[in-house]
Amino acid sequence: MTHSSTRQGSRRLRRTALGAFLAIGFVAASACTADPGPTNGATLTASAPTSEVASGTVVTVTGAGYNPEANIGTRPPLWGQPAGVYVAFACVTDPWKPSAGAGSANRAVIEQFWAVPSVAAFNAIGGAASGAIMMDQSGAFAVDVTLSAAPCAGRYAIITLPGSGAPVNAGEENEIPVTFAPQT
């Protein structure tokens, strides 16, 4: 084999590799879902009062009006797909909302779930054992949350925010304040 034919073979291999890389990138990009934009009207409610509760109280938290097509994930396992919302019982400091520029340091999670809009997303997260819950096609979900007192330098709240590093969506950042009864 001559030096010239080796160089041509090497160039062909690089072009083939580049073509394959571009094709994979195109397929991956075309598989991404476009985010429909901000949500309006999402609500979060609790089945029982959340003020002056005893530590260990369990409330059913219900979300309604969340957009199952919103919150396109920016990291695995739901990169490029509708990623639902995190539902967390947390100690928060203001501002806690991503739409207000807050980072995760303003949200110390005590218990967290991930409401997702598809069985594939539910399975990708690891199912119920990993905190996944299903969001239906109307954007509704329900989950039992245990309100346990833990060290907190801010205030307690049950919150929702976009999952999987999705862009800010203020309409899906909701809060239910929680206070604990004094210990006797």
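For the reader, a short list of remarks on this structure follows.
- Order by protection proxy (mean Cβ within 10 Å, highest first), peptides 99-109, 130-140, 160-170: 160-170, 130-140, 99-109
- Projected area averaged over orientations for the stretch 57-156, convex hull of C-alpha atoms, nm²: 6.6
No lab work stands behind these numbers, since they all come straight from the coordinates. Because the structure is predicted, anything quoted here is derived from the model rather than measured. Reconstructed Cβ throughout: ideal geometry from the backbone, glycine too, with neighbour counts over all protein chains shown.
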